[in-house]
1. If you take the alpha carbon radius of gyration of the range 19-59 and divide it by 2.2 N^0.38 Å, what ratio comes out, to two decimals?
2. What value, in deg cm²/dmol to 500, does the helix sum -39500 (n - 2.57) over DSSP H runs of n ≥ 4 give at 222 nm once divided by the residues of the chain?
3. What does the accessible area per residue of the chain come to in Å², with a 1.4 Å probe and no ligands, DNA or RNA counted?
4. Quick one: dipole size for the range 1-65, taken about the Cα centre, charges +1 on Lys/Arg Cβ and -1 on Asp/Glu Cβ, in debye to the nearest 20.
5. Over all directions, the average projected area of the alpha-carbon convex hull for the chain comes to how many nm²?
6. Roughly to the nearest percent, how much of the accessible area of the chain is carbon and sulfur, given a 1.4 Å probe?
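The values are calculated or read from the model by the stated rules, or taken from the named source; none is laboratory data. Source: prediction; values computed, not measured. Here Cβ is always computed from backbone atoms with ideal geometry, including for glycine, and neighbour counts include all displayed protein chains. What goes into the accessible areas is simple: the full protein's heavy atoms, side chains included, and nothing from ligands, DNA or RNA. Shrake-Rupley method; radii C 1.70, N 1.55, O 1.52, S 1.80 Å.
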Amino acid sequence: MEELSVKSKIIKSVYFSQEDGRLRICFKNGEERLFEGVPSSEAHAMTVAPSPGHYYLDRIRTRFRRLAA
């Protein structure tokens, strides 16, 4: 997995795998979320969004299958 740079109030770090579309989001509160089938365009759009946290809530959390992290 490749670490993607992100500046967010709630997200600590983001990792993305081009091979299988897995997106791991590590939050500043210690929680982690792992999603599959995420296009690279969505992963990168989240990291450059004005609010990556809002992008996650609106565009990632509800659209992609979450795996146990």
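1. It is 1.13.
2. -4500 deg cm²/dmol
3. Solvent-accessible surface per residue comes out at 62 Å².
4. So the magnitude is around 320 debye.
5. Working: hull surface 15.9 nm².
If you wrap the Cα atoms of the chain in a convex hull and average its projections, you get 4.0 nm².
6. Working: 1980 of 4280 Å².
Using a 1.4 Å probe with all protein chains present, the chain comes out at 46 percent carbon and sulfur.
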